[in-house]
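This report concerns only the one structure given below.
Please treat every number below as a calculation from the coordinates, not as lab data. Just so it is clear, the model here is predicted, and its values are computed rather than measured. Virtual Cβ from ideal backbone geometry, glycine too; neighbours counted across all protein chains shown.
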Amino acid sequence: MQRRIRLCRNTLIFAASMLGIGTTALVAAQAAPSQGPQQGMPMAATPDADMVAGEVRKIDKGAKKITLRHGEMPQLEMPPMTMVFQVKDPSMLESVKVGDKVRFKAQKIGGAFVVVELQPEK
């Protein structure tokens with residue numbers, strides 16, 4: 001019985017030490033600078049990095065809202081879906097109609113999802 005307990009304790013100690021080594025390696029890898037083509041220089045964000053493809057499903061000018069079917073929105077941790085957004089500038093609603101394909105940028109402002117930029121696709 002004592003051998004079995006010792007074996008379990010040794011196994012636990014080994015597993016805990018391996019977990020610590022793995023965690024240390026992961027933290028070090030995340031902290032290491034990028035060694036891409038620019039040798040450690042941060043990559044510039046593209047202007048359209050936060051733009052998401054969507055389709056206009058409904059426009060409510062009176063309520064200043066637009067319903068969009070959209071793709072994944074990683075910056076808001078949101079899967080593809082159809083949802084209603086408020087618009088930051090109601091004049092955005094003048095440039096689109098139901099059925100239009102668009103690219104847009106949304107942010108969470110005051111607990112609401114708000115379209116801050118809207119461009120019809122060409």
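With +1 assigned to the C-beta of every Lys and Arg and -1 to the C-beta of every Asp and Glu, and no other charges, what is the dipole magnitude of the range 52-120 about the Cα centre in debye, to the nearest 20? Could you put the intermediate results ahead of the total?
On the way: 12 positive and 8 negative charges, 33 e Å.
My answer is approximately 160 debye.
HN-Hα J couplings of the range 81-88 from phi, Karplus 6.51/-1.76/1.60, θ = phi - 60°, integer Hz, Gly and Pro as x?
Computed from phi, the couplings for the range 81-88 are 5, 10, 8, 8, 10, 7, 10, 5 Hz.
Kindly list the residues of the range 95-110 that lie in the label zone of residue 77, defined by a backbone N under 20 Å from the point 7 Å along the Cα-to-C-beta vector.
Correct set: 106-110.
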